[in-house]
Each structure stands twice: as structure tokens, then as C-alpha cells.
Amino acid sequence: MSEEDQTVEVVPPVKSDMHSYSSTMTAKDVKALALKHNIPLDLHPVALTAEWTMDKLTDDFIGHYEQYFEFSGVRVPFLTLLLAVLDHFRVHIS
């Protein structure tokens, strides 16, 4: 069998370690991040505690990583109407 006849199946690793990452952001850090990126404070942004990780968020929360805002340059329009539509259709921004 020649090298050209061989096939290799590449399977990406499954990301299942979200439970091992905890936030170090304080409430003050989250408020500063929200103000910097124009996230309305009436949406009640909160910092996760060490015991409360992204994989444990309830359906009434939208979780975002700080790096998403800092490095991507992408801005999400956090309008109340948009959030209501996303919630109604069970769409998650990620």
C-alpha cells in the first residue's frame, strides 16, 4: 500500500472542560466592561462566582467571555427587543 492510498481521519477534540474555568472578574470589572462596550446596565450584567461557571448558566442569562469583546473587535447590539427575539426563538450568540 502506498502513501497516497492511506487515509487519515482527523477528529477534533471535544471541548468539555468549561467546568474547569472560573471567572476572576469582580462586579466592578463587569460594570467597567459593560460601560466600555456600551452594554446597557439595565440588562444587569453580573460577574460569575468561582462556583458558577459558564456551563451552569440558566436560560435567562447570556454568557460572554471578556476576551470576546477585547480581542475580536465584534460588538453585539444589546437591545432589549433583540434579546427578547433571541429568547423567543431560543437562539444563542456564540
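The values are calculated or read from the model by the stated rules, or taken from the named source; none is laboratory data. Remember, predicted model here, so these are calculated numbers, not experimental data. Note that each Cβ is placed from the backbone with ideal geometry, even for glycine, and that neighbours are counted across all protein chains shown.
Against the numbered list (1) at pLDDT below 75; (2) in a loop (DSSP other than H, G, I, E, B); (3) surrounded by fewer than 13 Cβ atoms within 10 Å (Cβ to Cβ), F78 comes up short only at (3). Each residue in region 21-71 was checked for being modelled with pLDDT under 80, more than 26 Å from L81 (Cβ to Cβ) and of a type in the set (V, I, T), and 2 of them qualify.
Listed by first and then second residue, the pairs linking a residue in region 36-59 that is under 18 Å from S20 (Cα atoms) and touching a residue at least 12 places away in the same chain (Cβ under 8 Å) to a residue that is hydrophobic (A, V, I, L, M, F, W, C) and assigned to a loop (DSSP other than H, G, I, E, B), with Cβ atoms under 8 Å apart and 6 or more places separating them unless they lie on different chains, are A47/M25; L48/M25; M54/L48.
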